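Encoded as structure tokens, the structure appears first; notes follow it.
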Amino acid sequence: MRNIVGAGLITTGLALLGWAGYSALRPVSHYSLATAAAPEDMAKEIANLGLAPGALQRVEISIPQERRPIAAGLLAREGERLTPLVWRNEVTEPILFSDVSAAEITKVLTAIRDHVGEDAIVLAWWDMSRAIRLAAKRNAPLDDSLARGLLIPVAWSEARKAEETRWGAGAAPKSSETFDRFIDALLSDEKRGAHILTEIAAGKPAYVAVHISDVWKAAAARPERLSIAYKDFPSSGVSHGVIKSATQWMREEKIDGGFAVEPIGGATRLHYFTRKGDSDALIAKLLPFSTSNPAQLERLELAYQHKGWWIYRLK
């Protein structure tokens with residue numbers, strides 16, 4: 001966990017949203033979410049995590065207009081509690097969770113298991129916390145009975161309550177209180193945010209694990225505190241030319257918040273804060289935005305980075 005990776009902050013592929021042929025998610029009045037026993041080939045992809053195959057389930061989300069599922073994944077079930085492990089969106093807008101491949105989640109959870117001491121805790125969003133407890137066998141105390149931060153398409157806003165109930169099931173009701181403080185920490189400046197995280201850690205050595213999608217989750221949970229948006233630019237991949245075009249567009253639109261870019265298929269997606277002050281939030285400082293620099297953090301030290309995950313040691 002000491003191998004600090006700080007290069008390529010702005011041009012790192014973030015793997016946030018799915019992109020597979022659909023131009024947009026059509027408004028629908030209903031959808032279906034179905035689970036079934038995980039196929040053997042899917043279970044094998046995460047075999048190194050040591051999870052019981054019987055606890056793994058395949059999940060598919062479908063709408064009447066499409067023959068294929070618009071999102072699918074692999075989750076672990078513990079009674080009522082569901083832990084998403086692998087997720088793939090087949091539409092531009094994410095459905096519940098951002099894309100996570102079996103190879104990516106296996107590598108990150110294995111790194112946590114191998115390099116985080118048994119006496120330490122890992123603070124992460126509730127879905128990643130569940131995965132850390134299950135597969136990395138490390139203390140990740142956060143959970144959320146309210147399942148905040150689900151990425152619900154605008155057209156499905158009426159489904160939010162049902163999905164929060166589904167994904168919040170099995171978590172202790174009081175878990176939401178501590179998770180509230182975690183969200184507060186991510187949306188505060190570094191000094192106050194680190195102070196809150198230290199209080200949550202309660203004297204134990206602590207790491208903070210964040211994913212690029214967490215900034216969208218935080219914005220979904222507290223839209224009045226954080227505002228983020230995206231715009232796609234035609235491209236064969238990330239390039240200086242695209243970044244120049246993106247920054248020029250931001251100037252023309254008088255948007256002066258921090259930004260990050262992500263190659264998606266034949267486009268480059270620009271993720272940007274619509275308000276300049278949002279770039280000062282701790283979550284923005286921990287992720288590869290144009291206004292962030294891990295080397296300048298005083299209370300957190302970058303310890304590990306892979307794809308969209310950034311793991312810091314709390315000093």
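The values are calculated or read from the model by the stated rules, or taken from the named source; none is laboratory data. Predicted, not measured: the structure shown is a model, and the values here were computed from it. In this analysis, Cβ positions are derived from the backbone assuming ideal geometry, glycine residues included, and neighbour counts consider all displayed protein chains.
Among the residues of segment 118-141, write down those that are farther than 24 Å from ALA34 by Cα and either at pLDDT below 95 or acidic (Asp, Glu) (or both). Correct list: GLU118, ASP119. Scoring LYS285 on the criteria (1) under 24 Å from ALA111 (Cβ atoms); (2) in contact with a strand residue (DSSP E or B) (Cβ under 8 Å, 6 or more places away or on another chain) leaves a single failure, condition (2). For segment 248-255, indicate whether the set of residues that are more than 21 Å from ILE183 (Cβ to Cβ), touching a strand residue (DSSP E or B) at 6+ places or on another chain (Cβ under 8 Å) and either in contact (Cβ under 8 Å) with a residue 24 or more places away in the chain or of a type in the set (Phe, Trp, Tyr) (or both) is non-empty. Scanning segment 248-255, I find at least one residue that is more than 21 Å from ILE183 (Cβ to Cβ), touching a strand residue (DSSP E or B) at 6+ places or on another chain (Cβ under 8 Å) and either in contact (Cβ under 8 Å) with a residue 24 or more places away in the chain or of a type in the set (Phe, Trp, Tyr) (or both), so the answer is yes. The set of residues from segment 268-311 being within 25 Å of PRO223 (Cα to Cα), touching a residue at least 40 places away in the same chain (Cβ under 8 Å) and of a type in the set (Gly, Ala, Ser) comprises ALA281, ALA284, SER290, SER292, GLY308. Assessment of segment 274-294 against the conditions (assigned to a loop (DSSP other than H, G, I, E, B), in contact with a His (Cβ under 9 Å, 6 or more places away or on another chain) and closer than 16 Å to SER98 by Cβ) yields at least one matching residue.
You will find that of ALA131, ALA140, the residue that is within 21 Å of GLY50 (Cβ to Cβ) and under 14 Å from the mean Cα position of the chain (by Cα) is ALA131 and no other. Total residues in segment 262-288 satisfying the condition of being buried (at least 17 other Cβ atoms within 10 Å of the Cβ) and more than 15 Å from GLU190 (Cα to Cα): the figure is 11.
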